[in-house]
1. Heavy atoms only, probe 1.4 Å: what % of the accessible area of region 89-162 goes to carbon and sulfur, would you let me know?
2. If you split all Cα-Cα distances of the chain into 5 Å bins from zero, what percentages do you get per bin, shortest first?
3. With n ≥ 4 as the cut-off for DSSP H runs, can you work out [θ] at 222 nm for the chain, using -39500 (n - 2.57) per run divided by the number of residues, rounded to the nearest 500?
4. Step through the residues of region 23-35 one at a time and calculate ³J(HN,Hα) from phi using the Karplus curve (6.51 cos²θ - 1.76 cosθ + 1.60, θ = phi - 60°), rounding each to whole Hz and writing x for Gly and Pro.
5. Can you compute the charge dipole magnitude of the chain about its Cα centre, using +1 on each Lys and Arg Cβ and -1 on each Asp and Glu Cβ, nothing else charged? Give it in debye, rounded to the nearest 20.
6. When you take every Cα atom in region 14-93, what is the radius of gyration, and what is Dmax, the widest Cα pair distance, in Å?
7. Could you point to the residue in S33, A141, I156 farthest towards the positive end of the chain's charge dipole, with +1 and -1 charges on the Cβ of Lys/Arg and Asp/Glu respectively?
8. Can you give me the accessible area per residue for region 24-162, using a 1.4 Å probe, in Å²?
Amino acid sequence: MKRSKAPKNLICIWYDKDALKAAKFYASLFPDSKVTAVHKAPGDFPSGKKGQVLTVEFTVLGIPCIGLNGGPQFKHSEAFSFQVATDTQKQTDRYWNAIIKNGGKASYCGWCKDKWGISWQITPRVLTDAMAAGGQTARRAFEAMMEMDKIDIAKIKAAVRG
């Protein structure tokens, strides 16, 4: 079987057993996302049997990833997250709500976790731009953000205006 040239760098995400389900969910939610290959184990492995899905190649918002069904040994933390830039409240709501309503969990300041424990930052560009501006603009945006779970663009804009 001839393979296309693999990317020089990709993100490997360890899953207990649901790499394919996770990849399909991400592909259904985000643009420029898709499942590109599913590889079954050629033999038994510590957390599975021959013929079960071992790895899944996929992209999330154009970022190449590989999901490894490695078993329950390692858990995810906020030390790794996908940061998704949004342009509108509708887009922010869509991504946030889809993650939360499909077994995920809300957190603070635009963070949430999906049902597999992967952390996501759903971050409107207006917030990122305000933080990059520095000074009082950044301080006001930061203080507003610290009061939020899902980011409210109108409140960030109001805070930036002072």
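1. Working: 2070 of 4030 Å².
Carbon-and-sulfur percentage of accessible area, whole number: 51.
2. With a bin width of 5 Å, the distribution comes to 2, 9, 16, 18, 17, 13, 10, 7, 4, 3, 2, 1, 0.
3. On the way: 5 runs with 53 residues, N = 162.
Per the formula, -10000 deg cm²/dmol.
4. Along region 23-35, the couplings run 4, 5, 5, 4, 5, 6, 9, 9, x, 6, 10, 6, 8 Hz.
5. Numbers: 25 positive and 14 negative charges, 98 e Å.
Result for the chain is approximately 480 debye, rounded to the nearest 20.
6. 14.3, 47
7. Working it through, the farthest residue towards the positive pole turns out to be S33.
8. Values: 7660 Å² over 139 residues.
Dividing the accessible area of region 24-162 by its residue count gives 55 Å².
The values are calculated or read from the model by the stated rules, or taken from the named source; none is laboratory data. Please read all numbers here as calculations on a predicted model, not as lab measurements. No Cβ is skipped: glycine too gets one built from the backbone with ideal geometry, and neighbour counts run over all protein chains shown. Heads up: the accessible areas ignore ligands, DNA and RNA and are worked out on the full protein's heavy atoms, side chains in. Shrake-Rupley method; radii C 1.70, N 1.55, O 1.52, S 1.80 Å.
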